[in-house]
Amino acid sequence: MARILVIGGSLGGLFVANMLHRDGHDVQVLEKVKGSMNGRGAGIVSHDVLVNSLERAGLDVQATLGVEVPGRVLLDQSGQSLIAFDMPQVLTSWSRLYQILRSALPSDRYHQGTLVTRVEERDASVHVYSVNDGKESTWQADVLIASDGIRSNVRQQFFPQIQPKYAGYIAWRGVCDESLLSNLTQTTLFDYFGFCVPPDEQIIGYPVAGSDNDTTRGHRAYNFVWYRPAAEGDELQALLTDADGVHYPQGIPPHKVAWRQLAKVREDARRLLSPQFAEILEKTPQPFLQPIFDLASDTVSVGRIALMGDAAFVARPHIGMGVAKAAQDALAIADAIRAHGANAEAIAAYANVRFAAGQSAVNRARWLGSYVKSPDGQTKPMAQREHQAIHETAIDLGRYGHQSQFKENSL
Ligand SMILES: Cc1cc2nc3c(=O)[nH]c(=O)nc-3n(C[C@H](O)[C@H](O)[C@H](O)COP(=O)(O)OP(=O)(O)OC[C@H]3O[C@@H](n4cnc5c(N)ncnc54)[C@H](O)[C@@H]3O)c2cc1C
């Protein structure tokens with residue numbers, strides 16, 4: 001039995017902790033957030049690799065994972081369907097996955113309110129320094145897994161030159177109760193993975209479980225993500241500033257989004273989006289926004305320390321793979337520790353397997369995001385953008401990857 005520390009108790013950290021705990025290791029998860037983490041995220045597209053990783057963690061939850069859609073629909077600005085085809089997919093949510101993974105891990109393995117401040121590798125082990133309510137602690141382990149997100153403290157300590165890169169656009173997100181929606185929206189959009197592509201922008205949406213993970217008809221919700229260009233500088237700053245003038249450069253908390261920005265986005269929705277999507281924007285009580293970043297690391301390991309999930313690579317959300325990628329990283333770490341033991345050799349073997357996968361996810365997502373803002377600043381012809389968006393966004397590459405037009409060298 002090895003001693004393994006995981007920094008970050010979000011989905012990536014919970015995936016790897018559950019797998020390693022199941023393999024009989026002494027796993028401790030250090031998470032800086034105190035109190036409930038539920039309700040943090042919104043919808044998540046599931047893929048076969050996600051389900052396989054849950055199974056490896058000992059969790060057979062396929063039947064209750066989320067809501068299944070039969071296919072996709074692209075609406076024009078008048079609300080007419082332009083393209084529609086079958087593509088069954090299951091849509092789940094951050095809170096559903098968190099609930100599944102968190103309840104599978106014994107509580108004494110999960111240390112909330114524990115902020116990791118520094119890590120050191122010496123004497124064939126890793127030493128981690130943390131603070132909880134002003135009390136300092138030191139932890140020791142055979143290997144350390146840093147799953148501490150896009151602003152990873154561990155990555156910044158070892159590789160400060162690797163920084164997230166702003167994509168040039170933001171995403172408005174939110175979840176609207178099914179019961180609030182008109183008959184038109186319920187019958188023409190709600191049951192589908194929906195798209196609408198105004199010039200230089202794109203909105204996608206899909207049904208997810210409602211409150212208490214209720215997936216019965218009438219009790220579900222519609223999750224949307226609306227990508228909109230926002231130039232770095234004044235425009236982005238205004239979006240990330242609350243009504244009292246406080247600026248949140250790393251991301252504005254959902255409840256702080258300025259009311260003028262909410263009024264503007266709803267007005268823009270009425271002007272630019274199909275009536276179905278505009279209604280969803282109107283009736284979502286608290287839309288929130290996130291600047292879109294990606295991150296490409298030079299390396300995902302150092303000695304006995306592995307970076308995984310968003311701490312290692314962040315692909316823009318268009319591939320819908322953030323959680324599945326973190327789950328695959330977790331699987332590769334668990335496999336490497338099974339093969340080599342909890343040591344630097346295992347961490348190097350993990351890095352060997354997952355480094356190229358991370359790069360490829362970032363590249364594919366940049367290519368997909370080029371309908372919002374292409375790398376050369378040129379807008380692609382509408383038909384090409386619509387086709388690319390509806391056929392390639394958040395597809396399960398294992399099932400539907402044969403349709404991909406993407407080439408690694410196409411950027
Ligand atoms: C607009 C948008 C849409 C998305 N849509 C999808 C989708 O459809 N499908 C999908 O799969 N993914 C999607 N994603 C991506 C997905 O949310 C992430 O890729 C995924 O959650 C990665 O999880 P993680 O565990 O690696 O990192 P995070 O969820 O960021 O977790 C990091 C954890 O580490 C903790 N932490 C940080 N520093 C410390 C420290 N010093 N000490 C202790 N704890 C610390 C944090 O509190 C946090 O809990 C989307 C992202 C965005 C922005």
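Taking strands (runs of 3 or more DSSP E) as the structural unit, those lying wholly within the stretch 3-57 and holding at least 1 residues that are modelled with pLDDT under 95 and not polar (S, T, N, Q) correspond to 43-45.
Checked against the criterion of being at pLDDT below 95, among the small types (Gly, Ala, Ser) and under 27 Å from Tyr166 (Cβ atoms), the candidates Gly309, Gly320 yield just one match: Gly320.
The residue pairs whose first member lies in the stretch 229-251 and is more than 14 Å from Lys264 (Cβ to Cβ), whose second member is assigned to a loop (DSSP other than H, G, I, E, B) and basic (Lys, Arg), and whose beta carbons are closer than 9 Å, counting only pairs six or more residues apart or on different chains, are Pro229/Lys373; Gln250/Arg151.
Residues in the stretch 99-124 that are in a loop (DSSP other than H, G, I, E, B), within 14 Å of the ligand (Cβ to nearest atom) and either surrounded by fewer than 16 Cβ atoms within 10 Å (Cβ to Cβ) or of a type in the set (Lys, Arg) (or both): Gly113 only.
Screening the stretch 321-336 for residues that are open to solvent by 20 Å² or more (accessible area, probe 1.4 Å) and in contact with a Ser or Thr (Cβ under 8 Å, 6 or more places away or on another chain) and picking the one that is nearest to the ligand (Cβ to nearest atom) gives Gln328. For Tyr192, the conditions (1) touching a Lys or Arg at 6+ places or on another chain (Cβ under 9 Å); (2) hydroxyl-bearing (Ser, Thr, Tyr); (3) surrounded by fewer than 19 Cβ atoms within 10 Å (Cβ to Cβ) are fulfilled apart from (3).
Against the test of being polar (S, T, N, Q), surrounded by 20 or more Cβ atoms within 10 Å (Cβ to Cβ) and modelled with pLDDT of 95 or more, the options Ser137, Ser147 yield a single qualifying residue, Ser147. Tallying residues that are under 19 Å from Glu392 (Cβ atoms) and open to solvent by less than 20 Å² (accessible area, probe 1.4 Å) within the stretch 72-98 yields 7.
For the stretch 337-371, taking the residues that are of a type in the set (S, T, N, Q) and closer than 16 Å to Ile145 by Cα, the one that is most open to solvent (accessible area, probe 1.4 Å) is identified as Asn352. Just wondering, is there one or more residues in the stretch 179-188 that are within 16 Å of the ligand (Cβ to nearest atom) and either crowded, with 23+ Cβ neighbours inside 10 Å or part of a strand (DSSP E or B) (or both)? No, that holds for no residue.
Determine whether the stretch 287-306 contains at least one residue that is hydrophobic (A, V, I, L, M, F, W, C) and touching a Ser or Thr at 6+ places or on another chain (Cβ under 8 Å).
Scanning the stretch 287-306, I find no residue that is hydrophobic (A, V, I, L, M, F, W, C) and touching a Ser or Thr at 6+ places or on another chain (Cβ under 8 Å), so the answer is no.
Only one entry of Val16, Val69, Val45 meets the criterion of being within 16 Å of the ligand (Cβ to nearest atom), closer than 19 Å to Ala324 by Cα and surrounded by fewer than 23 Cβ atoms within 10 Å (Cβ to Cβ), and that entry is Val69.
Does Ile333 count as under 19 Å from Ile7 (Cα atoms) and modelled with pLDDT of 95 or more?
On the way: under 19 Å from Ile7 (Cα atoms): yes; modelled with pLDDT of 95 or more: yes.
When the stated conditions are applied, Ile333 passes them.
Any chance you could count how many residues in the stretch 1-33 are free of Cβ contacts under 8 Å to residues at least 60 places away in the same chain and closer than 9 Å to Ala330 by Cβ?
First pass over the stretch 1-33, keeping only residues free of Cβ contacts under 8 Å to residues at least 60 places away in the same chain: 1, 22, 24, 26.
Those left that are additionally closer than 9 Å to Ala330 by Cβ: none.
Count: 0.
Looking only at the stretch 19-42, how many residues end up being charged (D, E, K, R), within 13 Å of the ligand (Cβ to nearest atom) and either closer than 18 Å to Arg109 by Cα or open to solvent by less than 40 Å² (accessible area, probe 1.4 Å) (or both)?
Taking the stretch 19-42 and keeping what is charged (D, E, K, R), we get 22-23, 26, 31-32, 34, 40.
Right, trim to within 13 Å of the ligand (Cβ to nearest atom) and you get 31-32, 34, 40.
Next, from what is left, pick out any that are either closer than 18 Å to Arg109 by Cα or open to solvent by less than 40 Å² (accessible area, probe 1.4 Å) (or both): 31-32, 34.
Selection size over the stretch 19-42: 3.
The set of residues in the stretch 302-318 being within 12 Å of the ligand (Cβ to nearest atom) and open to solvent by 10 Å² or more (accessible area, probe 1.4 Å) consists of Asp310, Val314, Ala315, Arg316, Pro317.
For (1) touching a strand residue (DSSP E or B) at 6+ places or on another chain (Cβ under 6 Å); (2) of a type in the set (D, E, K, R); (3) under 25 Å from Leu184 (Cβ atoms), each residue gets a yes or a no:
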| residue | (1), (2), (3) |
| --- | --- |
| Gln80 | no, no, yes |
| Asp86 | yes, yes, yes |
| Arg96 | no, yes, no |
| Ser103 | no, no, no |
| Ser107 | no, no, no |
| His111 | yes, no, no |
| Thr117 | yes, no, no |
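Scanning the stretch 48-66 for residues that are open to solvent by 60 Å² or more (accessible area, probe 1.4 Å) and either closer than 24 Å to Cys176 by Cβ or among the hydroxyl-bearing types (Ser, Thr, Tyr) (or both) yields one hit, Thr64.
The values are calculated or read from the model by the stated rules, or taken from the named source; none is laboratory data. Quick caveat, the model's predicted, so the values are computed rather than measured. For neighbour counting, all protein chains shown are included, and Cβ atoms are generated from backbone atoms with ideal geometry for every residue, glycine included. Heads up: the accessible areas ignore ligands, DNA and RNA and are worked out on the full protein's heavy atoms, side chains in. Shrake-Rupley method; radii C 1.70, N 1.55, O 1.52, S 1.80 Å.
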